[in-house]
Amino acid sequence: MTHLWITLGPSSLKKEAELLTRGATGVRLTFSYGTPELQLERAHQLRKEAAQAQRPCFIIADLAGEKFRLGEFAGRPSVQFAPGTVLRLVNATKSDPAREQALPIPDRSFFEHLTPGDVITVGDGAAELRVLDDSGQTVEVVTKGVIDQTRGMTVRSTAFRPRALTAKDESDLRFVARHEEFDAVALSFVSTAEDIVKARELLGGRDITVIAKIETALGITNIREICRAADMVMAARGDLALSIPWVELPGAVKQIAAAAEDAGTPWILATQVVEGLERFSLPTRAEICDLAHWLDKGCAGVLLSYETVFGGNASGAVTAVNALVRRWGASSPLQIGG
């Protein structure tokens, strides 16, 4: 079978049984939000809902990894600059970009990833900044766009290596290891096989599926060794599309699929799978063909994110993807385990 995971969020809370009945086979619980205890409580409830619905429910604990973000803006929460505007990146928790021409970066280590010519993407592509100097503190606005406070910052470079395991992630990983309710743990920003090895050490021998989320250019460079080390890999196209030139994204997913096939490692397709349902009664034609293509190429699982977290049609998203999975997915049983 091909797995269909939902991400639990405001749009799917209290609808777990319905979504499992409509075809979901598992749930992703994001440790970026709430406490580990809250996620455990949700896992308990999911087990009950799945038992009552007589449906499988493979539960993934998704760890946050190291995410760099802008700080707060002292003035308006959003600013807009014309292309060619030169700004400063300052190591601060707050600044006023409109008045000071400076964007706050709370985490000093972010500057260690920057070299002249690198492109920084703000949010999901709201704006792009080009690094102008060796310090990484002077940037030029490349594309016009609105910059919101606290948005994520991604560097388009193979030198960009957010940590897969921060101190919080290590604590969360030990928590997951103590509770059988979780079937798998997903590591964000996996760049090398060493990230997987370290995670297994922290798990202390717990037999649990370890999923490597591929979200950086370096992760693509090392994809073959990562596939050999992990139980599953995920083509996490959201952050991945920001850390490489976006036109190269299809090739990157192709590399993940090929490396996974060579290693005999199942792989998961994620991000913007059927967001067209926010506007239409059907997925877009492009989404239909995209998902069918990767299912035909051996994709072993599909993960819904926005569609079931904030989307307005979580039930329709699961129904639509389940229909495509049933038509184009693998017919043989998928074996996953630690």
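The values are calculated or read from the model by the stated rules, or taken from the named source; none is laboratory data. The structure presented is a predicted model; accordingly, all values stated were derived computationally and were not measured. Virtual Cβ from ideal backbone geometry, glycine too; neighbours counted across all protein chains shown. Keep in mind that these areas ignore ligands, DNA and RNA; they rest on the heavy atoms of the full protein, side chains included. Shrake-Rupley method; radii C 1.70, N 1.55, O 1.52, S 1.80 Å.
State all residues of region 69-92 that are among the basic types (Lys, Arg) and assigned to a loop (DSSP other than H, G, I, E, B); if no residue qualifies, say none. Result: 76, single match. Among the residues of region 271-309, those identified as under 12 Å from residue 321 (Cα atoms) and of a type in the set (A, V, I, L, M) are 273, 274, 277, 282, 288, 291, 292, 295, 302, 303, 304. Restricting the first member to region 280-293 and to residues that are of a type in the set (A, V, I, L, M), and the second to residues that are outside any helix (DSSP H, G or I) and open to solvent by 80 Å² or more (accessible area, probe 1.4 Å), the beta-carbon pairs closer than 9 Å and six or more apart or on different chains are 288/282. Does residue 98 qualify as being at pLDDT 95 or above, of a type in the set (Gly, Ala, Ser) and on the phi < 0 side of the Ramachandran plot? So residue 98 fails the test. Using the structure shown, decide if residue 184 is in contact (Cβ under 8 Å) with a residue 40 or more places away in the chain, out of contact with any Leu (no Cβ under 6 Å at 6 or more places or on another chain), open to solvent by less than 30 Å² (accessible area, probe 1.4 Å) and under 29 Å from residue 249 (Cβ atoms). In short, yes. Would you confirm whether any residue within region 61-68 is of a type in the set (A, V, I, L, M, F, W, C), open to solvent by less than 70 Å² (accessible area, probe 1.4 Å) and in a strand (DSSP E or B)? Within region 61-68 (the criterion being of a type in the set (A, V, I, L, M, F, W, C), open to solvent by less than 70 Å² (accessible area, probe 1.4 Å) and in a strand (DSSP E or B)), the answer is yes, since at least one residue qualifies.
Against the conditions (1) without any contact (Cβ under 8 Å) to a residue 60 or more places away in the chain; (2) open to solvent by less than 10 Å² (accessible area, probe 1.4 Å); (3) farther than 14 Å from residue 63 by Cβ, residue 196 satisfies every one except (3). Quick one: would you say residue 98 is assigned to a loop (DSSP other than H, G, I, E, B), open to solvent by 10 Å² or more (accessible area, probe 1.4 Å), under 30 Å from residue 135 (Cα atoms) and out of contact with any Asp or Glu (no Cβ under 9 Å at 6 or more places or on another chain)? Considered against the rule, which asks whether it is assigned to a loop (DSSP other than H, G, I, E, B), open to solvent by 10 Å² or more (accessible area, probe 1.4 Å), under 30 Å from residue 135 (Cα atoms) and out of contact with any Asp or Glu (no Cβ under 9 Å at 6 or more places or on another chain), residue 98 comes out as no. When 96, 107 are checked against the criterion of being out of contact with any helix residue (DSSP H, G or I) (no Cβ under 9 Å at 6 or more places or on another chain) and within 30 Å of residue 233 (Cβ to Cβ), 107 stands alone in meeting it. Scanning region 108-147 for residues being open to solvent by 10 Å² or more (accessible area, probe 1.4 Å), assigned to a strand (DSSP E or B) and under 21 Å from residue 215 (Cβ atoms) gives a total of 2.
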